[in-house]
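Asks: Below are the structure tokens for one structure; questions will follow.
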Amino acid sequence: MGEPAKIQEPPAPVQPQEETISPWKEGWRKFRKNKIALVGTSIVLFFVLMAIFAPWIAPQGINEQDLPNRLQPPSSEFWFGTDDFGRDIFSRVVYGARISLTVGFLAVVGSAAVGSLLGILAGYYGRWVDTIISRLFDIMLAFPSILLAIAVVSILGPSLRNALIAIAIINIPNFGRLIRSRVLSVKEEEYIMAAKAIGMSDARILFSHVLPNSMTPIIVQGSLAVATAILEAAALGFLGLGAQVPQPEWGAMLAASRALLVQAPWTLFFPGLAIMLAVLGFNLMGDGLRDALDPKMKT
Amino acid sequence: MLQYIIRRLLQLIPVLLGMTFIVFLIIRAIPGDPALVILGQQATEEAVAALRASLGLDEPWYVQYFQYLGNLFTGDLGESIRTRTPVNEEIWPYLATTFELSFFAILIAVIIGVNAGIISAWFQNSWFDYTAMILALVGVSMPIFWLGLMMQYQFSLQWDWLPTSGREDVRDPVTAITNLYLLDTLIQGRFDQFWTVLKHLIMPGIALATIPMAIIARMTRSSMLEVMKSDYIRTARAKGEKMFWVVYKHSLKNAVIPVLTVIGLQTGLLLGGAILTETIFSLPGIGRYIYEGISSRDYPVIQSGILVVAFIFVMINLIVDILYSIIDPRIRYN
């Protein structure tokens with residue numbers, strides 16, 4: 001009789017040669033190399049810090065009137081000059097960052113949340129749910145966005161809060177469509193099938209598997225959408241349908257100073273420049289995020 | 001091809017119906033009673049009730065919707081509360097203003113954008129490329145209402161090169177035939193007026209063109225770079241063809257699709273941007289028409305104005321889609 005077979009020792013676990021890099025780390029590595037994206041991020045950070053520390057940066061209050069010093073051109077005392085009430089434009093522009101960034105951010109969070117939810121439902125359940133939601137998106141996208149925003153504000157009444165709601169509503173289909181198409185491809189992955197096979201509930205599959213795997217396009221689209229939202233809020237403010245005087249919202253400041261174009265062009269120059277720079281920052285950062293995280297999104 | 005067009009037209013029906021329904025809902029949701037707006041605050045209750053009945057406002061909402069839809073089919077867009085004129089009669093001059101402005105803007109955007117994109121791709125990484133692409137990045141972030149104001153300051157108020165606002169010289173008004181003033185002045189042989197109208201269009205046209213121009217330049221550059229690396233371009237070069245012809249004849253043809261996409265996508269932006277541009281340059285366009293309708297609670301004007309603009313937008317997108325499939329038969333959407 002032969003000797004009893006030796007029990008073979010299990011082979012020692014193979015140590016990975018290289019540390020596996022997560023897609024996020026890989027993305028960050030690519031992002032760091034992209035100079036333009038870093039410029040964008042710096043601009044965004046600049047505005048964020050300005051918004052947070054506005055009370056310390058601004059030399060004067062937003063509605064502090066100094067009538068003897070009205071319509072002063074930019075000088076060492078008043079960096080951006082003063083308006084027709086003698087208010088310091090630099091201080092108002094600094095505080096304006098708070099309004100524009102808050103509106104941009106909240107509007108995008110709102111539209112991303114609602115859009116993602118609708119997109120997930122449409123993509124995951126398909127059939128009539130998909131048909132109804134997708135047609136709704138088609139119809140909403142059939143209206144020029146600013147026109148739809150104007151229509152929404154005309155129902156709700158002109159105010160900053162309502163402008164924010166309007167901007168959130170008009171951006172819903174952009175997120176919805178994006179997530180829907182993402183879900184359609186994620187749905188076919190093996191791990192979703194496995195999750196279904198072990199009897200996981202739909203809600204759990206959606207929120208613990210499908211949603212996290214659809215996060216990159218939401219982040220990329222989100223950062224670009226903040227740029228659009230800031231621009232739209234300024235446009236509504238300019239048309240008198242968003243922030244109301246004396247709020248130092250950049251668009252509303254432009255509208256209030258329109259009559260001063262000949263007399264005091266600086267009252268218009270600086271708020272507009274702030275809008276452009278903030279939008280540029282988010283656009284550059286968003287472009288960089290897209291190239292780093294989701295190059296396929298590039299059209 | 002015909003089958004494709006028919007299918008696309010059929011797909012449009014639910015979207016168009018949905019649009020009419022949304023516009024109908026928006027108007028119903030705007031606070032305030034149209035009958036009260038028409039008659040004014042002093043109106044007696046009986047008069048308001050009578051007017052509500054004659055306007056069909058006391059009917060259930062679905063009856064109102066179908067009446068509204070029926071009217072639309074017969075081309076009845078309602079009557080403006082403010083001017084007491086049928087909307088379909090008074091809307092055309094406004095639409096014509098916006099058409100002229102948008103067409104001019106798209107023309108600027110395409111001519112400058114496409115050429116800047118081509119030259120950037122041709123001389124990749126040159127100073128021209130860098131400057132053009134930085135300008136394009138700034139361009140897509142531009143608040144056009146601010147650009148408009150700054151141009152007014154510089155070119156009208158400081159240098160006095162261009163008129164500040166309006167469509168024409170008010171001392172020498174254009175006799176309207178089609179309401180497209182550039183065309184009207186040409187038909188009448190009034191070249192002096194043509195020049196004046198053109199000068200009025202330059203600043204609003206550039207303001208409105210900025211964003212599409214920047215996007216077109218970026219898209220053209222990236223698609224040209226791709227095309228120029230392809231084998232047949234190398235063959236054309238090897239055969240000794242001049243670089244200029246290679247770029248403009250061979251490459252450009254293949255870069256048309258992305259550019260067309262942008263033009264299609266930008267139409268909505270353009271129509272929206274027209275509202276802002278028209279506000280700054282006091283142009284009596286469709287954007288102003290709707291905006292003034294909202295300010296004076298002129299419901300039929302808001303309703304029909306929004307619907308007409310959305311309809312045009314949908315139609316332009318349809319035309320762009322059909323053009324795609326003509327230019328590149330590989331593209332057929334389901």
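Asks: Let me check I've understood the local charge: for A:I155, count other residues with C-beta under 13 angstrom from its C-beta, Lys and Arg +1, Asp and Glu -1. What total comes out?
Replies: Values: positive: B:R28, B:R297; negative: none.
Within the 13 Å Cβ shell, the charges total +2.
Asks: Are there any helices in chain A, counted as whole DSSP H runs, that stretch 15 Å or more along their axis by Cα and score at least 0.0 on average by Kyte-Doolittle, and if so which? Mind dumping the intermediate values first?
Replies: Working: long enough: A:23-33 (16 Å, -2.29); A:35-52 (25 Å, 2.38); A:89-125 (52 Å, 1.44); A:127-141 (21 Å, 0.77); A:145-156 (16 Å, 2.94); A:160-187 (39 Å, 0.81); A:215-238 (34 Å, 1.55); A:266-293 (40 Å, 1.18).
Those that pass (Cα extent of 15 Å or more, hydropathy at least 0.0) are A:35-52, A:89-125, A:127-141, A:145-156, A:160-187, A:215-238, A:266-293.
Asks: Taking a probe of 1.4 angstrom, what is the accessible area of B:R82 in Å², to the nearest 10?
Replies: Rounded to the nearest 10, that gives 120 Å².
Asks: If you take the Cα Rg of the range A:204-299 and divide it by 2.2 N^0.38 Å, with N the number of residues, what do you get?
Replies: On the way: Rg = 18.1 Å, N = 96, 2.2 N^0.38 = 12.5 Å.
Relative to the 2.2 N^0.38 Å estimate, the range A:204-299 comes out at 1.45.
Asks: Count the net charge of all other residues whose Cβ sits under 14 Å from the Cβ of A:V262, scoring Lys and Arg as +1 and Asp and Glu as -1.
Replies: Local charge sum for A:V262: -1.
Asks: Just to verify a number: FRET efficiency for A:V129 and A:W79, C-beta to C-beta distance, R0 = 56 Å, to 0.05? Write out the running numbers ahead of the final one.
Replies: Numbers: r = 55 Å, r/R0 = 0.98.
Once the sixth-power term is evaluated, E becomes 0.55.
Asks: Moving to a separate point now. Report the accessible surface area buried between chains B and A, summing both sides, using a 1.4 Å probe on protein heavy atoms only, in Å² rounded to the nearest 100.
Replies: Values: alone 18230 and 16870 Å², together 31560 Å².
Heavy-atom accessible area buried at this interface is about 3500 Å².
Asks: Take chain B, connect every pair of alpha-carbon atoms lying under 10 Å apart with a spring to form a Gaussian network, then pick out the residue of B:W159, B:W195, B:W92 with the largest mean-square fluctuation.
Replies: Evaluated over chain B, the most mobile residue of the options is B:W159.
Asks: A follow-up question, please. Which of these, A:G222, A:G272, A:G286, has the largest mean-square fluctuation under a Gaussian network model of chain A (Cα springs below 10 Å)?
Replies: Sorting by GNM fluctuation, first place goes to A:G272.
Asks: To continue, here is another question. Is it possible to state the helix-based mean residue ellipticity at 222 nm for chain B, with each DSSP H run of 4+ residues giving -39500 (n - 2.57), the sum divided by total residues, to the nearest 500 deg cm²/dmol? What is it?
Replies: On the way: 13 runs with 237 residues, N = 334.
Only helices count here, giving -24000 deg cm²/dmol.
Asks: Find the accessible area per residue for the range A:152-299; the probe is 1.4 Å, ligands and nucleic acids are left out, and the unit is Å².
Replies: Values: 5690 Å² over 148 residues.
Here the residues of the range A:152-299 average 38 Å² of exposed surface.
Asks: Find the accessible area per residue for chain B; the probe is 1.4 Å, ligands and nucleic acids are left out, and the unit is Å².
Replies: Numbers: 16490 Å² over 334 residues.
Accessible area per residue: 49 Å².
Asks: A further question follows. Give the total of Lys-Lys pairs in chain A with Cα-Cα distances below 26 Å; include a pair only if its members are 8 or more places apart or on different chains.
Replies: 14
Asks: Please compute the average number of Cβ atoms from other chains found within 10 Å of each residue's Cβ in peptide B:273-286.
Replies: Numbers: counts 3, 3, 6, 4, 0, 0, 6, 3, 0, 0, 0, 0, 0, 1.
Mean shielding count: 2.
Asks: What residues qualify as long-range amide H neighbours of B:E79, i.e. H under 5 Å apart, gap of 5 or more or another chain, H built at 1.01 Å from N?
Replies: B:V87
Asks: How much of B:M213 can a 1.4 Å solvent probe reach, expressed as accessible area in Å² and rounded to 10?
Replies: Approximately 40 Å² for this residue.
Asks: In the range A:118-275, what percent of the accessible surface is made up of carbon and sulfur (1.4 Å probe, ligands and nucleic acids excluded)?
Replies: Details: 3850 of 6050 Å².
Taking all protein chains in place, the range A:118-275 shows 64 percent carbon and sulfur surface.
Asks: For the range B:106-138, which residues drop by 20 square angstrom or more in accessible area between the chain on its own and all protein chains together (1.4 Å probe)?
Replies: B:L137, B:V138
Asks: Something else now. Using a 1.4 Å probe on the protein chains only, how many percent of the accessible area of chain B belongs to carbon and sulfur? Don't skip to the answer; put the middle values down first.
Replies: Working: 10770 of 16490 Å².
Answer for chain B: carbon and sulfur cover 65 percent of the accessible area.
Asks: Can you give me the span-like helices of chain B, meaning DSSP H runs with 24 Å or more of Cα extent along the axis and Kyte-Doolittle mean at or above 1.0?
Replies: Details: long enough: B:2-29 (40 Å, 1.67); B:87-122 (50 Å, 1.30); B:191-228 (45 Å, 0.88); B:252-280 (38 Å, 1.39); B:299-327 (42 Å, 2.10).
Long hydrophobic helices here: B:2-29, B:87-122, B:252-280, B:299-327.
Asks: Anyone know which of B:L57, B:L260, B:L283 comes out most mobile in the 10 Å Cα GNM of chain B?
Replies: Result for chain B, Cα springs under 10 Å: B:L57 fluctuates most.
Asks: With only Lys, Arg, Asp and Glu charged, each at its Cβ (+1 for the first two, -1 for the last two), find how big the charge dipole of chain B is about the Cα centre; round to the nearest 20 debye. Walk me through the intermediate numbers first.
Replies: Values: 23 positive and 25 negative charges, 355 e Å.
Here the size comes out at about 1700 debye.
Asks: Give the residue from A:I52, B:G32, A:S208 lying farthest towards the positive end of the charge dipole for the protein assembly as shown; charges sit on Cβ (+1 for Lys and Arg, -1 for Asp and Glu) and the dipole is referred to the Cα centre.
Replies: A:S208
Asks: Per residue of chain A, what 222 nm ellipticity follows from adding -39500 (n - 2.57) for every DSSP H run with n ≥ 4, rounded to the nearest 500?
Replies: Working: 12 runs with 197 residues, N = 299.
Dividing the helical sum by the residues of chain A leaves -22000 deg cm²/dmol.
The values are calculated or read from the model by the stated rules, or taken from the named source; none is laboratory data. Quick caveat: nothing in here was measured; it's all calculated off a predicted structure. Using ideal geometry, Cβ is built from the backbone for each residue, glycine included, and neighbour counts are taken over all protein chains shown. The accessibility values were calculated without ligands, DNA or RNA, using every heavy atom of the protein model including side chains. Shrake-Rupley method; radii C 1.70, N 1.55, O 1.52, S 1.80 Å.
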